[in-house]
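Inspection log for the structure reproduced underneath, given as structure tokens.
The values are calculated or read from the model by the stated rules, or taken from the named source; none is laboratory data. It should be emphasised that the depicted structure is a prediction, and the values quoted were computed from it without experimental measurement. Note: areas computed on protein heavy atoms with side chains; ligands, DNA, RNA excluded. Shrake-Rupley method; radii C 1.70, N 1.55, O 1.52, S 1.80 Å.
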Amino acid sequence: MRRLALAAIAGLALAAPAQAQLMDVLTAPKTLIDRAIEARSAADIAKDNVIVAKVNGYMGKNATIKASTEIYEQRLLVTGLFDDKATYDQFQKDVRSVEGVKKLYWHVTYLAKDDSRRKSLPSWADTVEMGIKAQGRLIGTKGVADVNFRTTVDSYGNLYVIGRARSQEEANKAVSRLREGEGIKKVVNYIDVRP
């Protein structure tokens, strides 16, 4: 069992998406340990890692880091803001071709570099900070197993949560805590509820 946990930690460290890798650096070692003890099998986690590695490969192929991925039980959430339409189109085509994805939640947008709406958007650093704080709000919340949830914030201040709750009450508590963040416009809930 210990060997399996160490293999899961090593796999996660190598295959985690860019934002998740940053989160791991900022919140390690807790995050890596938590991911190794999630309420799901190592095989399920490995499937997620393969999918994320493929998506990260497509980011490399398209020479972009303008997207963020979160995944839980092969349900893939992708957020991002692209300023090049051709790169956006190719990345979307590539991601949609990844095998093994049970459900794709596509929240990636294109907005031209010179579009005046960009001035009112939070900075990348601000969205990363909002995401870190959101995940932090789940830690220690009574009745919420934070290890079973992934959060990310997009360039518009929308917070996304994906994962699994053991009850509707747990899901409601998690979403309620996530709404408390400064700068969060809305919470998009992709939590599956099942014991």
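Can you tell me how much longer the chain between Lys186 and Gln168 gets when fully stretched, taken as 0.36 nm per residue apart minus their C-alpha distance, in nm with one decimal?
On the way: separation 18, 0.36 × 18 = 6.48 nm, distance 1.93 nm.
Between Lys186 and Gln168, full extension yields 4.6 nm more.
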| query | Under 19 Å from the Cα of Lys85, which aspartates and glutamates turn up, not counting those fewer than eight places away in the same chain? | reply | Asp94, Asp114, Asp115, Asp154
| note | Extension length gain for Ala46 and Asp114 (0.36 nm per residue less Cα distance), in nm, is 20.4 nm
| task | Considering Cα pairs under 8 angstrom that are at least six residues apart, work out the relative contact order of region 46-157 and quote it in whole percent. | result | 26 percent
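Take every Cα-Cα pair in region 123-192 and report what % of them are more than 21 Å apart. Kindly include the intermediate steps, with their values, before the conclusion.
Working: 372 of 2415 pairs.
The answer is 15 percent, as a whole percent.
Keeping the other protein chains in place, figure out the carbon and sulfur percent of the accessible area of region 80-137, with a 1.4 Å probe.
On the way: 1710 of 3460 Å².
Here carbon and sulfur together make up 49 percent of the probe-accessible area.
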